[in-house]
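Taking it in order: structure first as structure tokens, then the write-up.
The values are calculated or read from the model by the stated rules, or taken from the named source; none is laboratory data. Because the structure is a prediction, the values reported are computed rather than measured. Quick reminder, even Gly has a Cβ in these numbers, built from the backbone with ideal geometry, and neighbours come from all protein chains shown. All accessible areas refer to the heavy atoms of the entire protein, side chains included, with ligands and DNA or RNA removed. Shrake-Rupley method; radii C 1.70, N 1.55, O 1.52, S 1.80 Å.
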Amino acid sequence: GQEHIRNVGLLDGARITALADPDEAMRNQAASLAGSGCTAYSSHRELLSNDAVDALIIASPNHTHIDVLRDVMVSDKALLVEKPLCTNVADCSEITRLARDRTAPVWVAMEYRYMPPMQRLLDEVRNGTAGRPRMIAIREHRFPFLQKVGDWNRSAKNTGGTMVEKCCHFFDLMRLLADSEAVRVYASGGADVNAGDGGTDPDVLDNGFVIVDFANGMRAMLDLCMFAEGSYWQETVSVTGDAARIDALVPGPSRFSADGSERSSEIVISPRETKVEKREIIAVDETILAAGDHHGSTFYQHQKFLTLLREGGVPEVTLEDGLKAVIIGAAAEESVLTGMPVILA
């Protein structure tokens with residue numbers, strides 16, 4: 001929530017007029033960050049009575065999304081709801097049904113799409129640089145889950161499990177890059193290093209591999225490790241086609257770099273014909289980088305959301321996108337538990 005407040009503060013003509021948080025300490029921190037003119041409430045239901053609010057950002061713990069969304073859907077205000085849409089497929093499907101009669105848009109915050117190197121990767125794939133794409137490989141080697149209020153994120157019943165909570169971003173990217181729908185999911189994972197960290201006994205995975213087969217014949221792989229904050233590149237997203245491989249390389253937040261400094265992302269194109277690699281630094285404004293942990297993506301997502309509010313149109317990330325990312329994540333969680341592939345279609 002505080003990352004959203006910082007990024008809205010960077011937008012011309014936008015401000016936080018009200019916020020709600022049942023936790024007093026977090027509410028006070030957020031209100032201080034939002035600045036004067038922001039009214040703070042202890043309940044989202046109280047906030048809904050504030051007529052000065054044009055749009056709502058839902059950044060509450062995952063397991064609260066379903067109840068909050070049931071309440072705010074009737075307001076018909078524009079919504080940006082954090083990922084995952086809900087913690088399970090049934091709740092996501094319910095919200096999708098409730099939204100059918102709304103006129104105001106609902107945007108699901110799959111902000112990884114909006115990292116500048118990911119946008120460049122998407123452009124290169126769509127422009128044919130890779131030729132005919134056949135394989136997607138995503139590696140995220142990062143820090144453990146951060147400590148949250150009440151350790152809510154240390155329990156799969158609150159988060160949907162790591163493959164839903166964290167990895168819905170990557171399943172969304174896979175769908176976007178493949179331009180197809182998942183038909184089969186196989187996963188292997190475990191809670192091998194971070195269990196017990198923070199005085200809890202979490203049942204959330206801290207590492208795993210996931211293979212996703214798509215209807216058009218493309219296949220994708222996720223390699224997740226959440227005890228690898230020493231890695232220079234936090235995310236590596238690769239698309240390989242019959243003409244070239246394209247890599248988007250994204251560093252972790254500055255607080256996890258050796259000297260605390262921001263690091264640049266890169267795009268790498270490796271053509272089969274010339275066998276000469278081309279590397280390019282993707283520059284991002286340091287003020288935008290400093291506003292959050294997601295390499296500028298939260299800011300660029302809010303820019304597009306604000307344009308939608310001002311000019312109309314449809315959300316780039318729909319409720320259907322949010323639902324389908326959770327479907328793949330839930331299938332991956334099931335596959336880890338059973339050791340069997342899950343057929344989606």
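Given the C-alpha centroids of segment 9-38 and segment 126-166, what is the distance between them in whole angstrom? For segment 9-38 versus segment 126-166, the Cα centre distance is 27 Å. Once backbone amide H atoms are built at 1.01 Å from N, residue 14 has no partners under 5 Å, excluding neighbours fewer than 5 places away on the same chain. Our summary gives the chain a relative contact order of 22 percent, counting only alpha carbon pairs under 8 angstrom and 6 or more residues apart. Once the Cα atoms are used to define both axes, helix 168-178 deviates from the longest principal axis of the chain by about 50 degrees.
Build a GNM of the chain with springs between Cα atoms under 10 Å apart, and of 324, 275, 77 the one that fluctuates most is 275. Quick one: helix 24-34 against the long Cα principal axis of the chain, what's the angle to the nearest 10°, folded into 0 to 90? Once rounded, the angle reads 80 degrees. Net charge of the neighbourhood of residue 97, taken over other residues with C-beta under 14 Å away and scored Lys/Arg +1, Asp/Glu -1, is -1. Taking 222, 11, 80 as the candidate residues, the one with maximal mean-square fluctuation in a Gaussian network model of the chain, Cα springs under 10 Å, is 11. The residues of segment 1-81 present an accessible area of 50 Å² per residue when probed at 1.4 Å with all protein chains retained. With Rg and Dmax of the Cα atoms in Å as the read-out, I listed (1) 20.6, 71; (2) 18.5, 59; (3) 19.9, 62; which label goes with the value calculated from this structure? This structure yields the entry labelled (3). When only alpha carbons are used to place a centre, segment 63-100 and segment 188-260 end up 27 Å from one another. Over segment 1-135, the hull volume per residue, using the convex hull of the C-alpha atoms, is 156 Å³. Comparing 268, 237, 326 in a Gaussian network model of the chain, where Cα atoms under 10 Å apart are tied by springs, the biggest mean-square fluctuation is seen for 268. Rg and Dmax, both from the Cα atoms of segment 191-330 and both in Å, are 18.4, 54. Nearest 10 degrees is fine. How inclined is helix 319-338 to the longest principal axis of the chain, computing both from alpha carbons? Tilt relative to the chain: about 60 degrees. With contributions of -39500 (n - 2.57) from each DSSP H run of at least four residues, the per-residue ellipticity at 222 nm computed over the chain stands at -9000 deg cm²/dmol.
Taking only protein heavy atoms and a 1.4 Å probe, the accessible area of the chain is 49% carbon and sulfur.
In this structure segment 245-343 gives 50 Å² per residue of accessible area when probed at 1.4 Å with all protein chains present.
Each Lys or Arg adds one and each Asp or Glu subtracts one; over the other residues with Cβ under 14 Å from the Cβ of residue 256, this totals -3. For segment 77-89, the Karplus equation 6.51 cos²θ - 1.76 cosθ + 1.60, evaluated at θ = phi - 60°, returns couplings of 8, 4, 10, 10, 10, 4, 6, x, 3, 8, 7, 8, 5 Hz by residue, with Gly and Pro reported as x. Split the chain at each of the chymotrypsin sites (Phe, Trp or Tyr not before Pro) in a DSSP loop with at most 16 other beta carbon atoms within 10 Å, and the longest piece is 1-226.
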